[in-house]
Amino acid sequence: MTLTTIETTTPGAKYTLFETSGVLTVHLAGPGKTGGTGAILCGFDRFQRDENGRWMIGFSVGGGTTGPGTHHRVCKACAERAGEETIRGTHQGLFQYALYPLRDRHGDVWMLGDDGLLHTRETAPFSRDHVERKWGPLHPDHTDGGQ
Ligand SMILES: [Zn+2]
């Protein structure tokens, strides 16, 4: 089964080609029963409507926004349910480090926070782009303290 990234806003937040709420959540969905993309793995309802029947969630299946001022928060419930399934979509790379820490070339460990930024004990939180520009490439740390 192939999973697809679903970028979503928080309910009621702006979501247009030019303007978003800044922090967006990325969920995962498998194929739908009759084609297309099915329900989000964690149960988040991307089709929520308000009392007037208007959409409350902005979402993009497989795509989404990037660029300065936009942070992507990985849904950890979806990441935990993804297992070893193949993930496709603009934000697929986020799921490689959603559940594991990343290690820079100095051996410092960075964890993805709910704000979409990487956190370490020594510094303020930064975007992954910023961390890699300043400290070099990051690699998933799967060692579990073994060696
Ligand atoms: Zn989710």
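Nothing in this text is a laboratory measurement; each read-out follows from the coordinates by a stated rule. All of these numbers come straight from a predicted model, not from anything done at the bench. Heads up, the Cβs are rebuilt from the backbone with ideal geometry, glycines too, and the neighbour counts pull from every protein chain shown.
Taking amide H as placed 1.01 Å from N in the peptide plane, the amide H of residue 119 sits under 5 Å from that of 111, 112, 113, each at least 5 places away or on another chain. Annotation: the residues 49, 128, 103, 54, sorted from fewest to most other C-beta atoms within 10 Å of their own C-beta, follow the order 54, 49, 103, 128.
Going by neighbour counts of Cβ atoms within 10 Å, the residues 78, 42 line up, fewest first, as 42, 78.
The aspartates and glutamates whose alpha-carbon is closer than 17 Å to the alpha-carbon of residue 134, local same-chain residues fewer than 8 away aside, are 104, 108, 122. Summing Cβ point charges (Lys, Arg +1; Asp, Glu -1) relative to the Cα centre of the chain gives a dipole of roughly 260 debye.
Counted by Cβ distance under 9 Å from residue 26, the other residues give a net charge of 0, where Lys and Arg count +1 and Asp and Glu count -1. Cα centroid distance between the range 90-118 and the range 1-59, in Å? One Cα centre to the other: 23 Å. When the chymotrypsin sites (Phe, Trp or Tyr not before Pro) in the range 1-104 are filtered for DSSP coil states and for at most 12 other beta-carbon atoms within 10 Å of their beta-carbon, the remaining sites are 18, 47.
Of the GluC sites (Glu not before Pro) found in the range 38-88, the ones in coil according to DSSP and having at most 15 other Cβ atoms within 10 Å of their Cβ are 51, 84, 85.
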